[in-house]
Amino acid sequence: MSLAGIWDLTIEQGATFTRYFLVEDNTGAAKDLSSYSLRVEIRTARKPGTMLATSVGGSATMDIEFVVDGSNGRFYITMTPANTAALSFVKGAYDIEAYTAADADVLRLFQGGVTLNKECVY
């Protein structure tokens, strides 16, 4: 895989957020991610922007959880309604990386902008 895929995301505040991803190699075959852990960061801007949400190693450290089907190159990220309701930014940027122990091998998989679609307050 040569370049991170660019996909912009919209998160609806107060609703469940789920986004599915498929990672393919240069031949179009599913990339086996079973020997990798995944991490995502959402920041106010490209690094070194302020951290808004993160997940490392497949378990949510702030707001985002990964569910991985590594051998088939598929995974998704999800946030609960309570976690999306707690977000307060308007726009940000994210990236998703796959990595091995001690960052011996790091693959930047996806990146893009993030927009928070704010809910109405009644």
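The values are calculated or read from the model by the stated rules, or taken from the named source; none is laboratory data. Because the structure is predicted, anything quoted here is derived from the model rather than measured. Please note: Cβ atoms are built from the backbone with ideal geometry, for glycine as well, and neighbour counts cover all protein chains shown.
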- Filtered residue count, the stretch 70-109, keeping only those that are surrounded by 14 or more Cβ atoms within 10 Å (Cβ to Cβ) and more than 22 Å from Leu52 (Cβ to Cβ): 5
- Listed by first then second residue, the pairs whose first member lies in the stretch 68-84 and is under 18 Å from Gln13 (Cα atoms), whose partner is modelled with pLDDT of 90 or more and part of a strand (DSSP E or B), with beta carbons under 6 Å and at least 6 positions apart or on separate chains, are Ile77/Arg19; Thr78/Thr18; Met79/Phe17; Thr84/Ile11; Thr84/Phe17
- Filter result (more than 12 Å from Arg19 (Cα to Cα) and of a type in the set (Ser, Thr, Tyr)) within the stretch 60-116: Thr61, Ser71, Thr80, Thr84, Ser88, Tyr94, Tyr99, Thr100, Thr115
- Query: Which of the residues belonging to the stretch 32-55 are of a type in the set (Lys, Arg) and in contact (Cβ under 8 Å) with a residue 60 or more places away in the chain?
  - Reply: Arg39
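Criterion first (in contact (Cβ under 8 Å) with a residue 12 or more places away in the chain and surrounded by fewer than 17 Cβ atoms within 10 Å (Cβ to Cβ)) does Leu22 satisfy it? If you could, list the steps in order and put the result at the bottom.
Working: in contact (Cβ under 8 Å) with a residue 12 or more places away in the chain: yes; surrounded by fewer than 17 Cβ atoms within 10 Å (Cβ to Cβ): yes.
When the stated conditions are applied, Leu22 passes them.
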- With the condition kept exactly as written, say whether any residue in the stretch 69-78 is among the polar types (S, T, N, Q), part of a strand (DSSP E or B), within 24 Å of Thr44 (Cβ to Cβ) and more than 12 Å from the chain's Cα centre (by Cα). no
- Message: Could you check the stretch 7-24 and list, in sequence order, the residues that are in a loop (DSSP other than H, G, I, E, B), in contact with a helix residue (DSSP H, G or I) (Cβ under 7 Å, 6 or more places away or on another chain) and either more than 14 Å from Leu116 (Cα to Cα) or hydrophobic (A, V, I, L, M, F, W, C) (or both)?
- Response: Ala15
- Filter the stretch 12-30 for residues that are within 17 Å of the chain's Cα centre (by Cα) and under 16 Å from Phe110 (Cα atoms) and give the result. Thr18, Arg19, Tyr20, Phe21, Leu22, Val23, Glu24
